[in-house]
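Every number here is computed from the coordinates shown, using simple stated rules; none is lab data. Because the structure is a prediction, the values reported are computed rather than measured. Ideal geometry is used to build each Cβ from the backbone, glycine not excepted, and the neighbour counts take in all protein chains shown.
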Amino acid sequence: MTFRRFLATAVAGAVSGAVAAVLVPTAGHAAEKANLLLNWVPTADHSPYYYAKAQGWYEKEGLDVSIEAGRGSGVSAQRIGAGNTEFAVADMATALVAKSKGADIVAVMTVYANSPQGFYWLNSSGIKGPKDFPGHKLGNPPGDASRVMWPAFAKAVGIPADSVSFVNVSPQAKLASLKSKAIDITSDFYNEHDLKVREFGKDLGFLAWRNIGLNLYGNSVIVNGDYLAKNRDTVAKFVKVSQKAFAACVADVSPCLKALMASVSGLDEANQRDQWNRIKELMTDPTTTGVALGAFDGKRLAGDYDLVKTYFGMEKDFDIAKSYTNDFLDKSVKMPK
């Protein structure tokens, strides 16, 4: 072998080895595992996380993200407070109550910038609006947030708090109970508004809480405060990718729903698409269109704190400014107006 040929062979081998070293991660550069606990079973509002994972966006940032179905915001808040999951989705009011009980929780991105809470009734029952609620039966679960917050709602619309009778109804039985007239009014999230429209048509009456000034922040991404302090880079990467994914799904939800349904069985695509269109409404407010997609407004959150303290109760006061941060959001990524 000539020297020139030897040199060419050596260089080619060195380049090949370098490429292999880049493509094959070593033990010291393995992707960092991070678990995302959802607030409930996966549906359209969770599709951006599945889309980001399917696109390899978390992986490109060095994160090995697993997505775990949830069992309610209370469980999400407890798990984050205990520090046994890296990220979780939870209703913000629930997170604030948990924080008052000692859970070290910080919200890093909001999804529902508007409250998803609303009341539904049938116009044929004689109810035309909340002024007609007195004397009627309101059905929902005993621990339903709308039942806890009922005094605030009653005050906002100008009716006595004791003017309705409550009927215990499971979440799955709300629509059937309304249809059978076992109840006259029920509470439910706005996500599945279209299912109710298809079921009842023009007979359906509806009032969104956000339209009467009761507009608490809803589902948000939360982390443990101590974990955040020690893993700011990891949190920054997760929020960066998740915010990017939500923006992509706002632009075109089709690939996002495809990613969701590839991982979750039993979902109807048309229903999920309807849900996503409603979720986009819940994601849109002056802060998410003017500051950043996923951003909190401190003054609004302070108002939420006061409402939660009044109606849900706080075991211990805390500084609301330390319960959230917008630091990890890309300010160039905004919800369309």
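Over the stretch 68-145, consider all pairs of different Cα atoms and compute the Kirkwood hydrodynamic radius from their mean reciprocal separation; express it in Å, one decimal.
Kirkwood radius, the stretch 68-145: 15.1 Å.
Once the Cβ-Cβ distance between A82 and N211 is put in as r, and R0 is 35 Å, what FRET efficiency do you end up with, to the nearest 0.05?
0.40
Debye sum, Cα scatterers, the stretch 118-212, no solvent: what log₁₀ I/I(0) at q = 0.10, 0.11, 0.13, 0.23 1/Å?
-0.22, -0.26, -0.37, -1.33
Quick one: net charge of D330's neighbours, Cβ under 15 Å, K/R +1, D/E -1? Display every interim value, and only then the final one.
Numbers: positive: K237, K240, K244, K331, K334; negative: E61, D327.
Here the charged neighbours net out to +3.
Name the shape class, rounded, prolate or oblate, that the alpha-carbon gyration tensor gives for the stretch 197-337, where a ≥ b ≥ c are the square roots of its eigenvalues, rounded holds for a/c under 1.5, and otherwise prolate holds if a/b is larger than b/c and oblate otherwise.
oblate
Please compute the net charge surrounding V169, taking Lys and Arg as +1 and Asp and Glu as -1 over other residues with Cβ under 14 Å from its Cβ. Spell out each step's value before the answer.
Values: positive: K137, R147, K174, K179, K181; negative: D144, D184, D188.
The answer is +2.
So, by mean Cβ neighbours within 10 angstrom, what's the order for 297-310, 177-190 with the highest one leading?
By packing density, highest mean first, the sequence is 177-190, 297-310.
Comparing W57, W276, W150, which has the greatest mean-square fluctuation in the GNM of the chain with Cα pairs linked when under 10 Å apart?
Top of the fluctuation ranking is W150.
Using 0.36 nm per residue, how much length does the chain from D162 to S263 gain when fully extended, once their Cα-Cα distance is taken away?
That pair, D162 and S263, stretches by 31.8 nm at full extension.
So for T287, T110, fewest C-beta neighbours within 10 Å to most, what's the order?
Least crowded to most crowded, the residues run T287, T110.
Quick one: give the max-minus-min coordinate of the C-alpha atoms of the stretch 270-318 along each principal axis, largest first, in Å.
Cα spread of the stretch 270-318 along its principal axes, largest to smallest: 44, 27, 12 Å.
Classify the stretch 122-163: rounded, prolate or oblate, from the alpha-carbon gyration tensor (a ≥ b ≥ c, eigenvalue square roots; a/c under 1.5 rounded; otherwise prolate if a/b is larger than b/c)?
oblate
Between A182 and K128, what's the calculated FRET efficiency when r is the beta-carbon distance and R0 is 22 Å? Round to 0.05.
0.60
Going by average Cβ neighbours within 10 Å, how do the peptides 68-74, 87-93, 114-120, 262-268 rank, with the highest at the top?
By packing density, highest mean first, the sequence is 87-93, 114-120, 68-74, 262-268.
List the residues whose amide H sits under 5 Å from the amide H of V167, counting only those 5 or more places along or on another chain, with H placed 1.01 Å from N in the peptide plane.
Amide H to amide H, under 5 Å and 5 or more residues apart or across chains, V167 pairs with L138, G139, N140.
For the chain, evaluate the Debye formula with one uniform point scatterer on each Cα (no solvent term) and list log10 I(q)/I(0) at q = 0.09, 0.12, 0.15 Å⁻¹, rounded to two decimals.
Treating every Cα as an identical point scatterer, log10 I(q)/I(0) equals -0.53, -0.87, -1.29.
Relative to the longest principal axis of the chain, what angle (0 to 90°, nearest 10) does the C-alpha long axis of helix 3-23 take?
Result, in degrees: 20.
Sort the following peptides by mean Cβ neighbour count (other Cβ atoms within 10 Å, averaged over residues), highest first: 39-47, 134-142.
On the way: 39-47: 22.1, 134-142: 16.7.
Taking the mean over residues of other Cβ atoms within 10 Å, the ranking is 39-47, 134-142.
Using alpha carbons only, how many degrees (0 to 90, rounded to 10) separate the axis of helix 73-82 from the longest principal axis of the chain?
Tilt relative to the chain: about 50 degrees.
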